Ligand code: OGA
Ligand code: NI
């Protein structure tokens with residue numbers, strides 16, 4: 001396919017490209033996007049080298065030192081929170097306290113005994129795999145850069161970014177106002193719908209803990225709509241032929257209130273903590289929770305939305321499912337600003353109020369490497 005050849009080689013004999021030998025990046029990116037075959041399509045084509053638009057600069061690849069063995073020091077271990085005895089009053093208090101310190105100091109933690117059955121976790125990752133591994137023609141019809149409720153693409157910021165990430169994504173908006181089930185791809189429809197019910201409940205539980213952790217009524221964050229919507233980012237990171245020259249997912253903060261992430265056993269996710277990249281090691285059966293920008297904003301910086309990234313690997317595919325708690329395309333007049341309960345004359349609001357749509361459009365315009373929150377600072 002001509003587009004694919006241009007995407008791979010940057011030039012094509014019969015097409016009018018710059019003939020001074022300069023790599024026409026925009027043209028290569030567009031050809032790749034027009035081919036709608038994703039990163040997996042490059043792998044299927046048997047490439048041994050990445051198209052140059054995937055190469056990242058050494059500064060973007062090595063912006064902070066990586067601490068390869070966080071287990072050496074407990075200060076550098078992503079906190080693990082066991083939810084088993086959450087209904088026991090004494091244990092509950094302890095869990096709230098652990099949640100508070102994890103959300104304030106790390107912005108990231110892993111939860112175990114979270115109540116979602118293990119077979120559901122396994123089956124939903126299998127469903128994501130089935131979608132990405134079906135024949136190209138079946139996936140292509142979902143390939144889109146529009147704000148569609150169900151869509152598939154390579155990098156939401158492909159057309160603007162300095163270096164593309166080695167990853168394909170299926171986005172499915174699950175709530176509120178889900179579309180008729182037939183809108184979701186048949187390869188994963190039933191299990192996405194089932195997982196959605198479980199993760200919705202878990203999201204409410206965690207937002208309850210975070211409300212208490214900030215000294216609010218346990219229902220507060222749920223009542224103001226933090227768990228009203230959720231969207232799935234079904235990520236697929238194929239094995240990469242040049243893993244040292246790109247990333248699976250460039251550093252970013254999440255554009256939501258809260259993310260619950262399910263990762264498989266391959267590894268590669270890292271969180272920025274005290275100026276070091278720290279591995280978030282796969283733990284069978286656990287889920288990863290992180291604070292998003294909107295929760296940082298309404299908590300007036302009490303909780304932290306922390307940067308994270310995924311390394312590219314020569315082994316793969318790596319599969320993950322990020323559940324982003326936010327409403328996406330709901331044109332609501334609701335605005336969010338620092339909660340009155342958390343501000344005072346001594347602790348004045350740090351941010352302007354914003355609607356979710358307005359925040360998302362700012363996030364989209366600054367791209368993954370930008371800091372959308374800073375544009376709402378007072
Ligand atoms: C995300 C994300 C990490 C992963 O989708 O926002 O950070 O492990 N994903 O796939
Ligand atoms: Ni993320």
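The values are calculated or read from the model by the stated rules, or taken from the named source; none is laboratory data. Since we're looking at a predicted model, the values are computed, not measured. Because the Cβ atoms are built from the backbone with ideal geometry, glycine has one as well, and the counts that use them run over all protein chains shown.
For the range 236-273, give me each residue that is in contact (Cβ under 8 Å) with a residue 40 or more places away in the chain, more than 14 Å from ligand 2 (Cβ to nearest atom) and not in a strand (DSSP E or B). Give the derivation first.
Filtering the range 236-273 down to residues in contact (Cβ under 8 Å) with a residue 40 or more places away in the chain leaves 236-264, 266-273.
Pick out the ones that are also more than 14 Å from ligand 2 (Cβ to nearest atom) and you get 236, 238-246, 264, 266-267, 273.
238, 239, 240, 241, 242, 243, 244, 245, 246, 264, 266, 267 - these are the residues of the range 236-273 that are in contact (Cβ under 8 Å) with a residue 40 or more places away in the chain, more than 14 Å from ligand 2 (Cβ to nearest atom) and not in a strand (DSSP E or B).
With 221, 287 as the choices, which residue is in contact with a helix residue (DSSP H, G or I) (Cβ under 6 Å, 6 or more places away or on another chain), away from ligand 2 (no atom under 13 Å from the Cβ) and at pLDDT 95 or above? Even if it seems obvious, please write down each step before you answer.
Numbers: 287 fails: in contact with a helix residue (DSSP H, G or I) (Cβ under 6 Å, 6 or more places away or on another chain).
Going through 221, 287 in turn, just one is in contact with a helix residue (DSSP H, G or I) (Cβ under 6 Å, 6 or more places away or on another chain), away from ligand 2 (no atom under 13 Å from the Cβ) and at pLDDT 95 or above: 221.
Can you tell me which residue in the range 166-197 is surrounded by the fewest Cβ atoms within 10 Å (Cβ to Cβ), limited to those that are closer than 17 Å to residue 255 by Cβ and touching a helix residue (DSSP H, G or I) at 6+ places or on another chain (Cβ under 8 Å)?
So, considering only residues that are closer than 17 Å to residue 255 by Cβ and touching a helix residue (DSSP H, G or I) at 6+ places or on another chain (Cβ under 8 Å), the one surrounded by the fewest Cβ atoms within 10 Å (Cβ to Cβ) is 175.
Any idea which of 57, 74 is under 24 Å from the mean Cα position of the chain (by Cα) and on the phi < 0 side of the Ramachandran plot?
57
Name every residue in the range 327-343 that is without any contact (Cβ under 8 Å) to a residue 24 or more places away in the chain, closer than 14 Å to residue 301 by Cα and assigned to a loop (DSSP other than H, G, I, E, B), in order of residue number. Give the derivation first.
Going residue by residue through the range 327-343, those that are without any contact (Cβ under 8 Å) to a residue 24 or more places away in the chain are 333, 335, 340.
From what's left, closer than 14 Å to residue 301 by Cα: 340.
The answer is none; no residue qualifies.
Determine, yes or no, whether residue 124 is in contact with a strand residue (DSSP E or B) (Cβ under 7 Å, 6 or more places away or on another chain), at pLDDT 95 or above and not in a strand (DSSP E or B).
Working: in contact with a strand residue (DSSP E or B) (Cβ under 7 Å, 6 or more places away or on another chain): yes; at pLDDT 95 or above: yes; not in a strand (DSSP E or B): yes.
Yes: the conditions hold for residue 124.
Please go through the range 321-335 and give me each residue that is touching a helix residue (DSSP H, G or I) at 6+ places or on another chain (Cβ under 8 Å) and buried (at least 21 other Cβ atoms within 10 Å of the Cβ), ordered by number.
Answer for the range 321-335, where residues must be touching a helix residue (DSSP H, G or I) at 6+ places or on another chain (Cβ under 8 Å) and buried (at least 21 other Cβ atoms within 10 Å of the Cβ): 321, 323, 325, 326, 327.
Could you identify the single residue in 292, 267, 285 that is within 13 Å of ligand 1 (Cβ to nearest atom) and over 23 Å from residue 213 (Cβ atoms)? Spell out the reasoning first.
Working: 292 fails: over 23 Å from residue 213 (Cβ atoms); 285 fails: within 13 Å of ligand 1 (Cβ to nearest atom).
Every option except 267 fails the conditions.
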